[in-house]
Amino acid sequence: MRILVVSDTHGNWLAPLQCLTGNQVDMIIHLGDHISDAKELEKVAGIPVIMVPGNCDPDAKEPREQLHTFKGHKFHLSHGDSHRVKAGYEQLLQRVRETGASVSLCGHTHIPLVQKTDGILLINPGTLMAASSQKSCAILHVTISKVTAEIIHLP
């Protein structure tokens, strides 16, 4: 299973389609800021889109924190702001430990990251905001035996 993970599109809802160029995926996960972009993407992508609201999505009805299981791996999804990730990832990692997840997906910092800490794979795809000079997303490869992630930088 291959999953495209994006965050912080901030109105640039077409940018995730650039990430799909040359990358066949089974699903998209949008980690907030702007969840309306995820809803537009869902209309045109032709594959499932899981969405989590961010701090710039005050009217969103979707839960701000979600747990999903893919190929036997438990994933914790959040935008990251409620776990203060701009000050570091320890508070988020503590929450992920509490849920029993082995993979954490978050955004908010606009800085891409793939890091394994205490058995938890932490992935932040960065931002696809139009004004950013460093746009990025992540492609996850999920099998029964492992989860790997690759950051894709867009021009």
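The values are calculated or read from the model by the stated rules, or taken from the named source; none is laboratory data. Since the model is a prediction, treat every value here as computed from it, not as a measurement. With ideal geometry, Cβ positions are generated from the backbone for all residues, glycine too; neighbour counts draw on all protein chains shown.
Would you tally the residues in region 50-61 being among the hydrophobic types (A, V, I, L, M, F, W, C) and assigned to a loop (DSSP other than H, G, I, E, B)?
The qualifying residues number 3.
Report yes if some residue within region 74-84 is surrounded by fewer than 21 Cβ atoms within 10 Å (Cβ to Cβ), touching a strand residue (DSSP E or B) at 6+ places or on another chain (Cβ under 7 Å) and modelled with pLDDT of 95 or more; otherwise report no. For region 74-84, residues surrounded by fewer than 21 Cβ atoms within 10 Å (Cβ to Cβ), touching a strand residue (DSSP E or B) at 6+ places or on another chain (Cβ under 7 Å) and modelled with pLDDT of 95 or more: present. Tell me, please, whether a residue that is crowded, with 16+ Cβ neighbours inside 10 Å and either modelled with pLDDT under 95 or of a type in the set (D, E, K, R) (or both) can be found in region 24-33. Looking for residues that are crowded, with 16+ Cβ neighbours inside 10 Å and either modelled with pLDDT under 95 or of a type in the set (D, E, K, R) (or both), one finds at least one in region 24-33, hence yes. Applying the criterion of being part of a helix (DSSP H, G or I) and of a type in the set (S, T, N, Q) to the residues of region 14-49, the residue that is nearest to Asp81 (Cα to Cα) is Ser36.
Considered as a group, the residues in region 16-56 that are of a type in the set (Asp, Glu) and in contact with a strand residue (DSSP E or B) (Cβ under 9 Å, 6 or more places away or on another chain) include one that is nearest to Gly107 (Cα to Cα), and that residue is Asp33. The set of residues in region 1-12 that are assigned to a loop (DSSP other than H, G, I, E, B) and surrounded by fewer than 21 Cβ atoms within 10 Å (Cβ to Cβ) comprises Met1, His10, Gly11, Asn12.
Counting only residues that are more than 16 Å from Gly126 (Cβ to Cβ) and not aliphatic (A, V, I, L, M), region 79-92 holds 6 of them.
Of all residues in region 98-155, those that are under 20 Å from Asp26 (Cβ atoms) and not polar (S, T, N, Q) total 21.
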